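Chemist: Please find one structure pasted underneath; my questions will follow.
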Amino acid sequence: MSAWLASRPGAAAVDAGAAALDRHPGDPLAAGSDLRRSHPDLSPTEASSALEQADLRREAVARYGLPGHWLYTRDGLEQATRPQVSRRRAALIVDSGARTVLDLTGGLGADVAAFLDAGLQVITVE
């Protein structure tokens, strides 16, 4: 499903899902019905995935300050490092005199972004 979400039709469905969630705050069933009415070409799986991705993006932006256009998973967001923690880690590494970081648990990249912002060179693996 991630390939579809990354496609133009998938991205348009996610945007429509976000609009449906805006129209029906706190009522995902109504948002789902709204999305299916406005986009009858979507399969139930596509509509569900679009709404879930729209919701995950909102959480990523609100909770972690992550970009609102990335594709997320629930597990990824639950394991993501909060921006304040990432910035603190980066500052500690800079203060230690290190200039390069090897991050073997890159995840969503919150730590990597903070390391780069702090001027560190980063090698990351997920």
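The values are calculated or read from the model by the stated rules, or taken from the named source; none is laboratory data. Given the structure is predicted, the values throughout are model-derived calculations rather than measurements. FYI the Cβ positions are ideal-geometry reconstructions off the backbone, even for glycines, and counts take in every protein chain you see. The accessibility values were calculated without ligands, DNA or RNA, using every heavy atom of the protein model including side chains. Shrake-Rupley method; radii C 1.70, N 1.55, O 1.52, S 1.80 Å.
Chemist: For a protection proxy built on the mean count of beta-carbon atoms within 10 angstrom, sort 68-76, 31-39 highest first, please. Please report the intermediate quantities before stating the final value.
Modeler: On the way: 68-76: 14.0, 31-39: 17.7.
Put in order of decreasing packing, that is 31-39, 68-76.
Chemist: Taking amide H positions as placed in the peptide plane 1.01 Å from N, state which residues far from residue 101 in sequence (5 or more) or on other chains have amide H under 5 Å from it.
Modeler: Residues meeting the criterion, in which the H sits 1.01 Å from N, are 121, 122, 123.
Chemist: So, for region 30-111, what is the accessible surface per residue at a probe of 1.4 Å, expressed in square angstrom? Display every interim value, and only then the final one.
Modeler: Values: 4720 Å² over 82 residues.
Value returned for region 30-111: 58 Å² of accessible area per residue.
Chemist: Please work out the Cα center distance from region 1-37 to region 38-53, rounded to the nearest Å.
Modeler: Each part reduced to its Cα centre gives a spacing of 6 Å.
Chemist: How large is ³J(HN,Hα), in whole Hz, for each residue of region 10-18 in order, when computed from phi with the Karplus curve 6.51 cos²θ - 1.76 cosθ + 1.60 and θ = phi - 60°, using x for Gly and Pro?
Modeler: Here the 3J(HN,Hα) series is x, 4, 5, 5, 5, 4, 5, x, 4 Hz.
Chemist: What is the gain in length, in nm to one decimal, between residue 100 and residue 11 on full extension, counting 0.36 nm per residue of separation less the C-alpha to C-alpha distance? Please list the in-between numbers first.
Modeler: Working: separation 89, 0.36 × 89 = 32.04 nm, distance 3.55 nm.
Roughly 28.5 nm would be gained on extension.
Chemist: Next up: Give me a comma-separated list of calculated 3J(HN,Hα) values for region 43-49, in order, Karplus coefficients 6.51, -1.76, 1.60 applied at θ = phi - 60°, integers in Hz, x for any Gly or Pro.
Modeler: These are the phi-based 3J(HN,Hα) values: 6, x, 5, 5, 4, 4, 5 Hz.
Chemist: Set Lys and Arg Cβ to +1 and Asp and Glu Cβ to -1, take the dipole of the chain about its Cα centre, and tell me which of 14, 86, 106 lies farthest positive.
Modeler: Final value for the positive-end residue is 86.
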